[in-house]
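Just so it is clear, none of the values below were taken in a lab; they were calculated from the coordinates. Note that the structure is predicted; figures quoted are calculated from it, not measured. No Cβ is skipped: glycine too gets one built from the backbone with ideal geometry, and neighbour counts run over all protein chains shown.
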Amino acid sequence: MKKILLFFSIILFLSACTGNQKTYYISMPSFKSSFEEHNNTKENGPKVKINEIEIIKNTFYSSYFEQSTLNQRINKSLELLKKQLFKDSKALLESKGYTIDNENPDYVFNITISANLYEDKVTRNSSLGGDSVESSFMIILEAQSHLNNLHQEDTFQSTTSSAKLDNPIILNYPIKGQASIESFRQVYSAVPTQVNESLAASALEIDKVFIAFYKEFTSSLKTNIKEIKEESKAQENLEAQDIKQDSKKEEKISPYQNNEVIIFE
């Protein structure tokens, strides 16, 4: 009888150990565009080329975090953000009167996003539930955009935005340990939407930063990129023609051609 009770006690103990850590499904942050997709391009309006959005990830974290589910989730969020901002850029520029043209553009539009990740006070812990890491974490997202006029040097429209956590958050995430009994390990997932119970709240806080950043940046783009009018394009063409004509006049007037050197004695 004692053996039976001992057996059931062990089963209950193992169930408690394996049941403490759960895995939650948390969808990726949703970047919902506020731009209306309508083509408002002007006849003979300026042409713009949209370059691929550049993502710069500045990492100041441990090798543990590099392999964590949370880092995989941040990488996926950056991919989704990049994809949505490219679509938004096209819709916004067309609504402002620009024509998308990669072959013969008058303007070039660039966006650079910097993701700065900081991890501090890293402590590794081991228990029956497996190995885990506790640390302090901060994320700062920054963006810059430039709409450069290719016909006039140093003429561009720029936008900057940033968002971050209000304060560093405490992370507690499982890592791949050396435990021999699989049932004692904490749940570890490389799938960005499958988040360990101890990381769920932190993941949602970081999602809020991404969404706030997206809303602020797109709002700034909408405000700072000027709408094209017919007369402004005509004025640009006249200025470009004047520059070309002035250059030709200088070439005709100059007596020194082909780098000739004339010495007067």
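Report the FRET efficiency, 1/(1 + (r/R0)^6), for THR123 and ASP101, where r is their Cβ-Cβ distance and R0 is 35 Å, rounded to 0.05. Working from the Cβ atoms, E equals 0.05. Listed by Cβ neighbour count within 10 Å, with the fewest neighbours leading, ASP166, ASP120, ASP131, ASP106 appear as ASP166, ASP120, ASP131, ASP106. Residue-normalised convex hull volume from the C-alpha trace of the stretch 20-227: 126 Å³ per residue.
Take the residue pairs LYS57/LYS90; LYS32/LYS83; LYS87/LYS229; LYS22/LYS57 and return only those whose Cα atoms are more than 21 Å apart. Cα-Cα > 21 Å for LYS57/LYS90; LYS87/LYS229; LYS22/LYS57; rest within.
Fewest-first ordering of SER198, SER68, SER34 by other beta carbons within 10 Å of each residue's beta carbon gives SER34, SER198, SER68. Residues GLU119, GLU142 in ascending order of nearby Cβ atoms (within 10 Å, fewest first): GLU142, GLU119.
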